[in-house]
Amino acid sequence: MRRLLCAILLALALPKVAPAQYDDYLELLRSDLKTARVAIFTEVLALSDSESTVFWPVYRNYENELATLGDKRVALIKDYAASYDSMTNEKAQTLTKSTFELLDQRSKVQQKYAKEFDKILPATTVARFFQTERFITGLVDLQIMSELPLIETVYDAAVTKAKK
C-alpha cells in the first residue's frame, strides 16, 4: 500500500504549468489519481470475486458523483485565483460559503454511498473503504491547499507591501 500512496503523492506533485495547459494537466492528474485509487482500494479491501462484482459498479457511480463535485471545486479555485489580487470581504465571504457548501455536498455523497455499500458489503469493509477514502482525500486536499496562497483583502495586501 505504501507504493500506491507514494504514487498518489507523485501524481499530486503539481508542476507549474501555463494557464493554457492547466485543463489538460488537470485531466491527466485526475486520470492518474483515479487509477491509483482503484489500485489502492483493490489492495486494501481485498474483496472476494462476488464482492467485487457488486462493489465496483456502485463505486463507479460514487466516483462519478465525486467527479461532479471535483468540477465544482476546480471552478471555485479558478474563481479564487481570478479574484485573488482584488479580494474584497464580500468576495471572501462568498468563497467561504461556497467552500462549506461543497464540503457539505461531499459529505452527503459519502453518506449516501455508505448506505449503498452497507447493503452489499460487511460493515468492516465499508469502514475500511471510508477510512482509506478519507486518507486519500486528505492527501489530495493537503496538496491543493499547499499550492494556494492564503487569502488577503486588497487592504491587507497593501499593508504587507508597504511594510516591505
> Among the residues of the range 118-133, how many are within 17 Å of GLU43 (Cβ to Cβ) and assigned to a helix (DSSP H, G or I)?
Replying inline: 10
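Residues are listed down the side, and each one gets a yes or a no for (1) surrounded by 12 or more Cβ atoms within 10 Å (Cβ to Cβ); (2) in contact (Cβ under 8 Å) with a residue 12 or more places away in the chain; (3) among the β-branched types (Val, Ile, Thr):
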site: GLU63; (1), (2), (3): yes, yes, no
site: ALA82; (1), (2), (3): no, no, no
site: LYS97; (1), (2), (3): no, no, no
site: ASP118; (1), (2), (3): yes, no, no
site: THR125; (1), (2), (3): yes, yes, yes
> Does ALA67 satisfy being modelled with pLDDT under 90 and either over 13 Å from the mean Cα position of the chain (by Cα) or closer than 30 Å to GLU43 by Cβ (or both)?
Replying inline: no
>> Which count do you get for residues in the range 74-87 that are basic (Lys, Arg) and at pLDDT 90 or above?
In response: 0
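Confirm whether LEU102 is assigned to a helix (DSSP H, G or I), surrounded by 10 or more Cβ atoms within 10 Å (Cβ to Cβ) and touching a Lys or Arg at 6+ places or on another chain (Cβ under 7 Å).
Values: assigned to a helix (DSSP H, G or I): yes; surrounded by 10 or more Cβ atoms within 10 Å (Cβ to Cβ): yes; touching a Lys or Arg at 6+ places or on another chain (Cβ under 7 Å): yes.
Criteria met by LEU102.
Quick check on this structure: which one of GLU90, GLU63 is in contact with a Lys or Arg (Cβ under 9 Å, 6 or more places away or on another chain) and part of a helix (DSSP H, G or I)?
Values: GLU90 fails: in contact with a Lys or Arg (Cβ under 9 Å, 6 or more places away or on another chain).
Testing whether each residue is in contact with a Lys or Arg (Cβ under 9 Å, 6 or more places away or on another chain) and part of a helix (DSSP H, G or I) leaves just GLU63.
Criterion first (under 20 Å from ALA75 (Cα atoms), small (Gly, Ala, Ser) and either modelled with pLDDT of 90 or more or surrounded by fewer than 15 Cβ atoms within 10 Å (Cβ to Cβ) (or both)) does ALA46 satisfy it? Lay out the reasoning, then the answer.
Working: under 20 Å from ALA75 (Cα atoms): no; small (Gly, Ala, Ser): yes; either modelled with pLDDT of 90 or more or surrounded by fewer than 15 Cβ atoms within 10 Å (Cβ to Cβ) (or both): yes.
No.
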> How many of the residues making up the range 132-146 are over 16 Å from GLU63 (Cα atoms) and surrounded by 11 or more Cβ atoms within 10 Å (Cβ to Cβ)?
Replying inline: 5
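The values are calculated or read from the model by the stated rules, or taken from the named source; none is laboratory data. Computed from a predicted model, the values in this text were never measured in an experiment. Note: ideal-geometry Cβ built from the backbone for every residue, glycine included; neighbour counts use all protein chains shown.
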